[in-house]
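Read the structure below first, then the notes.
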Amino acid sequence: MTAGSWAAPDRDTLVPPAGVRRKGHTVVQAFILIQTEVGQAAAVARAIAELPGVTSAEDVTGPYDVIVRAEANSVDELGKLVVARVQSVAGITRTLTCPVVHL
């Protein structure tokens, strides 16, 4: 395990790398890559941009239609943001969450 990488003490626990801090506490950040139904990218990006924890949401071209940057206080909180809020937005067909690591 290298310094700054995600430590996995067991299969169910992830520890964020040191140095990702906001106002005195560690923050977990991630990019969420989203595929949408045809013609829905702009509407999905607008809806997701309003969600708490989302710092940016842009519609893009390529294999994904929307790229979101999000942050949370823990991996669990980030998972809840993705599953409970992001994936419930109408027009989304698939998401891929990529946690930010500082190597």
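Taken together, the values in this text are just the output of simple stated rules run on the coordinates, not laboratory data. Please read all numbers here as calculations on a predicted model, not as lab measurements. Cβ sites come from the backbone with ideal geometry, for glycine too, and all protein chains shown count toward neighbours.
General remarks:
- Contact order relative to length of segment 30-99, as percent, for alpha carbon pairs under 8 angstrom and 6 or more apart: 47
- In a DSSP loop and with at most 16 other Cβ atoms within 10 Å, the GluC sites (Glu not before Pro) in segment 30-72 are 37, 50.
- Inter-probe distance in nm under a simple model that places probes 7 Å from Cα toward Cβ, at residue 74 and residue 61: 4.3
- Distance (nanometres) between label positions extended 7 Å along Cα→Cβ at residue 37 and residue 90: 0.8
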